[in-house]
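What follows is a set of notes on a single structure, which appears directly below.
The values are calculated or read from the model by the stated rules, or taken from the named source; none is laboratory data. Quantities reported herein were computed from a predicted structural model and do not represent experimental measurements. Cβ coordinates were reconstructed from backbone atoms using ideal geometry, including for glycine residues, and neighbour counts include every protein chain displayed. Note: areas computed on protein heavy atoms with side chains; ligands, DNA, RNA excluded. Shrake-Rupley method; radii C 1.70, N 1.55, O 1.52, S 1.80 Å.
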Amino acid sequence: MAAGGGCWRGLGRLTWLWRCRPSLAIAQGPPRGVRCRFSSGVKGGVEGRAAKGRPLLWGAAFALGGTFGLYQTLQHRSRAHLAEQQVAKLPEGSLQLTLYQYKTCPFCSKVRAFLDYHGLPYEIVEVNPIMRKEIKFSSYRKVPILLANAGGDLQMNDSSVIISTLKTYLISSGSVLQLFADHQCGLLQSRFNLPFSVDLPRKSLDEIVSYYPSMKALNEQGKEVTEFCNKYWLMLDEKETTHLYPIKAARTEEMKWRKWVDDWLVHLISPNVYRTPGEALASFDYIVREGKFGALEGIFAKYLGAVAMFFIGKRLKSRHHLQDDVREDLYKAANDWVKAIGKHRMFMGGTEPNLADLAVYGVLRVMEGLEAFDDMMTHTKIQPWYRHVEAAIGHARVAN
Ligand SMILES: *[C@@H]1O[C@H](CO)[C@@H](O)[C@H](O)[C@H]1NC(C)=O
């Protein structure tokens, strides 16, 4: 009886796998009313910066005896080198990262996309969604959880807080900032052993974590949940800010879309992948295959989960006010995103993905291999952008 009860309770949880954490109606984050259209001025700024850097690289590379053939390789491998650099320049012995996750959870996928892109090595602990004994140590009961061993163990909770914390940390490490500011320059420095200028004080991870305090709140269903302050805000000083966001609007834009991912985009996943009984079964088959389940658990999870989810999917649909055909919302979200990037940028971050690019990609990626994903690729304009992010992350991974 106890096992049966556990199984059912587990299944209840399982149906939330794609969502991982409940939604919450708390107003916070970027200032309201900020327009996120990329004005031509902004675009000019970002691209202008990239364009300026390149002739410099060419000239310098040539002058230093590099061959022109090198250029192609450099272009190709710049991402990989950057990743190596970032890892190499992190403070010694610090930042051993362990990610507790469900592989198919969009919030976990989002964190992985961030870590991979930034070339941060980490270990994965796949959590059994039914017993969850892997995260017994934590009173915070949702995944992802990231443990950082920087002398002592530091536990970070919530995907967006994890990302904001680590991004702040990377930038606050002076040498890394240098690379972020102009990684082509950093590339040259490493290739030709030029001296690195490191003059910025570095914030400790503990200190940064303390900028994102958690608080208890009630969600729409009257359930107590944990919310976090400053979730989408990077704790940068003025110099760091102008390095990362030469254009002020780029920062608000990034925050706005990161929040959009957490508040809207993730809610489209479940209803879409459980839309029909057939899709629900395929989705659970995939969850069970990728996740950590006992043999019997897996069989139960797959069939009971598929049936349960088919019904729960409908409830989610009305809770989040989705259209009757949930695909329409998914297509619209994908096209809204592409439109926000505009025709003149490869990524929202310009020539490199920013945190919003990585978040959207990370969330959509969990649908890969499922009908909803193929439909989205066929019926929206998102594919070229999606493949570019995939490639950018792929290059970073090669380095590890
Ligand atoms: C994460 O949650 C755990 C368990 O509730 C808590 O001990 C820890 O302090 C939290 N981490 C942060 C950075 O708030």
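Look at where the Cα atoms of region 301-340 and of region 257-285 average out, and the two centres are 5 Å apart.
The lysines within cross-link reach of residue 142, meaning a Cα-to-Cα straight distance under 23 Å and a gap of 8 or more places when in the same chain, are 103, 110, 133, 167, 216, 223, 231, 259, 292, 302, 317. The loop-placed trypsin sites (Lys or Arg not before Pro) in region 328-375, going by DSSP, that have at most 16 neighbouring Cβ atoms within 10 Å of their Cβ come out as 343.
Within the same chain, aspartates and glutamates fewer than 8 places from residue 332 are excluded, and of the rest, those with a Cα less than 13 Å from its Cα are 375.
Taking all protein chains into account, the per residue accessible area for region 248-399 stands at 42 Å² (1.4 Å probe). Between rounded, prolate and oblate, where does region 248-399 land on the alpha carbon gyration tensor, with a ≥ b ≥ c its root eigenvalues, rounded for a/c under 1.5, else prolate if a/b exceeds b/c? Here region 248-399 falls in the prolate category. To put it simply, the accessible area of region 192-327 at a 1.4 Å probe is 60 percent carbon and sulfur. Taking 7 Å along the Cα-to-C-beta vector as the label spot, tell me the residue 206-residue 325 distance in nanometres, rounded to one decimal. Calculated label separation equals 5.7 nm.
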